[in-house]
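The values are calculated or read from the model by the stated rules, or taken from the named source; none is laboratory data. Not measured: the values here are computed from a predicted model. Cβ atoms come from the backbone with ideal geometry, glycine included; neighbour counts cover every protein chain shown.
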Amino acid sequence: MPSALDFIKSCQETERFCGEGEVEKIAGELLSYVGLGLSDDLSKLDVRATERILRRLVEKYNNKAELESRVRLLRSMLEYCGSVAASKLVSRVPIRKIDPNVRARTFQPFVIGYTLDEAIKEASRCFACKEATCISGCPARISIPAFMQAVASNKLDVAKRIIMNVNPFVGVCGYACFHPCESNCLHSLIGNEGIAISHIKRAIYEYTSRIVPTPKPSTGFKIAIIGSGPAGLTAAYHLRLEGHEVTVYDESPLIGGMMVLGIPKFRLPRNVVSDEISILKDMGVKFVNGKRLGEDITISDLFNQGFHAVFLGLGAMRPQPANIPGEELEGVVPALSFLKDVNMGCEVKVPDNVSVIGGGDVAIDAARTALRLGAKNVMILYRRSEAEMPAKKEHVIEAIEEGVKICYLTAPKRFLGMNGKLTNIECIRMELGPPDSSGRRRPIPIAGSEYVIDSEMAIIAIGQTPATEFLKKNGIEITNDGRVVVNEKMETSIKGVFAGGDLVRGPSTLVDAIADGKTAAANINSYLKTISTIKH
């Protein structure tokens with residue numbers, strides 16, 4: 001059986017891995033992490049032993065070059081002894097995208113999904129780690145190694161059921177998840193590209209049939225969900241699975257919240273959202289549209305109608321004002337209103353020159369949407385540097401590829417106009433000072449650096465907050481910044497009323513909202529068990 005000493009003798013290029021005279025020392029170090037020596041049988045380096053070595057390297061080496069050189073040497077040792085673990089230490093299956101010049105003119109999805117064979121190949125990179133940091137990186141705590149193993153074995157139906165035990169939105173997350181799990185993947189930690197978990201989810205959605213879970217027998221309990229975003233719908237899904245009668249109310253004519261009102265169609269096709277919402281309908285979840293909390297319905301009304309618990313998933317849809325002179329001019333619009341109008345099919349006209357104020361994902365989405373509507377020059381004004389920009393890096397790169405310009409360390413000082421319409425923006429250059437409460441360096445205006453740009457539309461994307469005035473008037477405790485206060489069980493200050501998602505967190509991600517919906521459903525289910533009598 002081959003040993004590390006045999007490997008060192010036979011490999012003529014080992015010196016390139018760690019430097020002259022270091023190969024034997026480093027090989028010994030790697031093997032020591034799993035209790036092996038240089039003369040031991042290398043076939044003992046199975047997948048689990050390889051994971052342990054890699055985890056130890058991640059803990060020990062902060063220096064990228066030192067870490068990567070050891071990983072390369074380990075890979076060569078694995079290949080030499082024929083270990084199956086060597087087949088996992090390979091590069092990610094490439095993700096293909098439509099040419100930027102083509103995709104910038106259409107709202108069609110531009111990321112080309114994996115073929116079935118590609119999805120299986122990519123899933124096969126998974127180590128199925130015993131210490132699965134990908135799971136801890138996923139707010140919803142989906143059993144990622146389990147569904148990866150299912151995909152690698154071409155059992156995509158099994159993989160889908162594993163995901164749907166937690167998350168009803170397999171396809172939605174395949175297209176639009178922020179996938180924090182991928183940066184926690186062992187591959188990412190060792191300097192490789194993390195497994196393309198979200199793209200594999202998309203493949204699971206595309207290569208499987210619909211699954212409609214069967215709810216448990218009726219309990220007689222009735223739950224009202226206010227808000228049909230990802231938090232509310234996930235709560236509805238899990239509560240319905242338990243056999244409760246669930247009714248979802250929303251003021252919008254569309255079901256889906258930010259999935260249909262905020263995220264552009266080129267990132268999340270609407271047929272995917274409607275397909276997965278139809279599963280909830282087939283499970284028996286009821287939907288009532290056009291009902292606004294505080295106007296058409298109240299929390300008291302719902303309890304009087306026989307509901308036993310209420311979940312508030314109203315999101316954070318109120319745009320924050322820029323508080324910049326000239327903000328009242330025609331052509332200065334909130335980003336969420338702009339995206340909502342486009343997503344609802346309203347006729348939205350854009351001028352040649354469009355500026356977007358902000359540096360988050362909403363700003364990037366608004367800029368790319370304006371480009372697709374026909375704007376010739378789209379510019380993002382961001383007051384900090386690229387390093388502080390909170391938008392997902394992948395989306396920033398895509399926007400730049402499509403023709404969006406980003407002006408870092410730049411802030412609008414005044415909106416200028418004629419006859420009540422925006423014509424220009426006076427900008428000022430910024431420099432970074434000490435960190436502020438967000439932990440990012442505070443932008444400071446540079447005196448005398450003002451300049452003027454042409455802009456007939458300014459899209460304000462500097463954040464949004466929940467609209468909670470009505471809730472406060474009705475006895476629900478609200479924070480100073482307008483979020484709903486909940487306890488460790490996600491219950492508000494009113495007994496039987498629970499809340500989650502952006503209404504509690506402030507603006508966050510799709511998967512955070514899904515996680516909140518699942519947790520809230522479990523807490524509501526526990527709460528219902530404390531109710532001794534059921535009102536019929």
Practice prompt. Name the one entry in K201, K222, K130 that is over 19 Å from G313 (Cβ atoms) and either free of Cβ contacts under 8 Å to residues at least 24 places away in the same chain or surrounded by fewer than 24 Cβ atoms within 10 Å (Cβ to Cβ) (or both).
Written response: K130
Discussion item. Residues that are outside the structural domain of R267 (by TED's automatic domain parsing) and farther than 17 Å from G506 by Cα: does the range 469-479 have at least one?
Written reply: no
Item to complete: Quick one: which helices (runs of 4 or more DSSP H) lie wholly within the range 1-117 and hold at least 3 residues that are on the phi < 0 side of the Ramachandran plot, of a type in the set (K, R) and free of Cβ contacts under 8 Å to residues at least 60 places away in the same chain?
Response: 47-60, 64-81
Practice prompt. From the list R267, R202, pick out the single residue that is closer than 30 Å to S87 by Cα and not acidic (D, E).
Written response: R202
Worksheet item: From the list E388, E431, E394, which residue is out of contact with any Ser or Thr (no Cβ under 6 Å at 6 or more places or on another chain) and surrounded by 15 or more Cβ atoms within 10 Å (Cβ to Cβ)?
Response: E388
Practice prompt. Would you confirm whether any residue within the range 363-385 is of a type in the set (D, E), in contact (Cβ under 8 Å) with a residue 12 or more places away in the chain and closer than 17 Å to F266 by Cα?
Written response: yes
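Residue-by-condition table, conditions (1) assigned to a loop (DSSP other than H, G, I, E, B); (2) more than 17 Å from S455 (Cβ to Cβ); (3) at pLDDT below 95:
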residue: E398; (1), (2), (3): no, yes, no
residue: G417; (1), (2), (3): no, no, no
residue: I428; (1), (2), (3): no, no, no
residue: E431; (1), (2), (3): no, yes, no
residue: P434; (1), (2), (3): no, yes, yes
residue: S438; (1), (2), (3): yes, yes, yes
Worksheet, complete the sentence: Per the filter on the range 64-79, residues surrounded by fewer than 20 Cβ atoms within 10 Å (Cβ to Cβ) and farther than 22 Å from E122 by Cα are K64, A65, E66, L67, S69
Worksheet entry | Odd one out for K489, checked against (1) more than 21 Å from G306 (Cβ to Cβ); (2) outside any helix (DSSP H, G or I); (3) out of contact with any helix residue (DSSP H, G or I) (no Cβ under 8 Å at 6 or more places or on another chain); (4) in contact (Cβ under 8 Å) with a residue 24 or more places away in the chain | (3)
